[in-house]
Structures are given as C-alpha cells and as structure tokens.
1. Out of (1) without any contact (Cβ under 8 Å) to a residue 12 or more places away in the chain; (2) over 20 Å from residue 170 (Cβ atoms); (3) outside any strand (DSSP E or B), the odd one out for residue 52 is which?
2. Just one of (1) in contact (Cβ under 8 Å) with a residue 40 or more places away in the chain; (2) surrounded by 16 or more Cβ atoms within 10 Å (Cβ to Cβ) trips up residue 85, so point out which.
3. Is it true that some residue in region 90-97 is outside any strand (DSSP E or B), surrounded by fewer than 15 Cβ atoms within 10 Å (Cβ to Cβ), out of contact with any helix residue (DSSP H, G or I) (no Cβ under 7 Å at 6 or more places or on another chain) and free of Cβ contacts under 8 Å to residues at least 12 places away in the same chain?
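No value in this document is a laboratory result; all are computed from the given coordinates. All values derive from a computational prediction rather than experimental measurement. FYI the Cβ positions are ideal-geometry reconstructions off the backbone, even for glycines, and counts take in every protein chain you see.
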C-alpha cells in the first residue's frame, strides 16, 4: 500500500483544524451583559436645607440620610422633618415622617410610616401612615386613614385634601365626634 505525502499532510491538517475548532469552542466566553446601576449616585448625611422665596425662609428640611438618584429623585430612608414659615418668618406648621421620597418629575413628596403634621397656630395635629405634599400648590393629600386632633375634637376618616399648614382641609370619608357651636 502506497500513501502519498500530500494526502497524509491533508489528513494531518484536517485533524489539526478539527482539534483547534473543538478547543476554541470550549474556551469561548459568553458576552457579558452590561449591568445597569439604579442605586443612588449621591449620598449625604445629617442634611439641613433652607428653601427660600424672595429672600424669606419658607421651609427648613432636616434629614439624617439622603440618597439622590440619576433622574433627580431623592430618598430619605431614615426620616424627614420639615418646618413651614409664613411671610413674616414665623413657623406655622411642621411635618415629620419615618421615611420620605421626592419625585422630581412630578415635584411631589411622599411621607410614609408615622406621618405627623402639626399646625402650631391652631393647635391641630394630623396623623396618617402615608401623606403626599405638592410644594407648587402647597397642598397635602392622602387616600389612607387619617386622624386630626385639636383642643376639642378628634376626627377620623379615610382620604384627605388640605393646605400644607392644615388651615383648611377636607376629609373624604369622615367619622368621629365634632362639637358644633350654635
């Protein structure tokens, strides 16, 4: 039997090529998918911010921790405390919540947990588990259960729309005892 050198080289080349392809297929790496980070870009601790209009203090905000996201939203995971001031610089009301979130695109705040609003001038207090605040309209609202207490009355209900200082409010589904003056 006579085997030519060229056919032997072809056989060796083919064997080598098959081995190369087999080994490369075992070592090929899958393309890694990019990981999108959606966590906070900035974090701050023990923050105190003053919001002013026409050089007058309107709101003072205090928070233990603030997380700011790429879209401008802000999270206050350890609570928030706000003080509201009138045109004369006198504090009119406060708002406190166990946690809060600011939605930049909507210019809307959400407080959760033990939410408390106090109207200092009228001696009223609002409590709820969730409350929204719209700075542009100076309104607060919720669809959750609320309690409003003043010197004489306790009003319960579900759902609320109010001025941020509680000077005027509407409870959607009220109940409780209210003293009516004749």
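1. (3)
2. (1)
3. As a first pass, look at region 90-97 and keep what is outside any strand (DSSP E or B): 90.
From what's left, surrounded by fewer than 15 Cβ atoms within 10 Å (Cβ to Cβ): 90.
Adding the requirement that they be out of contact with any helix residue (DSSP H, G or I) (no Cβ under 7 Å at 6 or more places or on another chain) leaves 90.
Subset that is free of Cβ contacts under 8 Å to residues at least 12 places away in the same chain: 90.
Within region 90-97, one or more residues are outside any strand (DSSP E or B), surrounded by fewer than 15 Cβ atoms within 10 Å (Cβ to Cβ), out of contact with any helix residue (DSSP H, G or I) (no Cβ under 7 Å at 6 or more places or on another chain) and free of Cβ contacts under 8 Å to residues at least 12 places away in the same chain.
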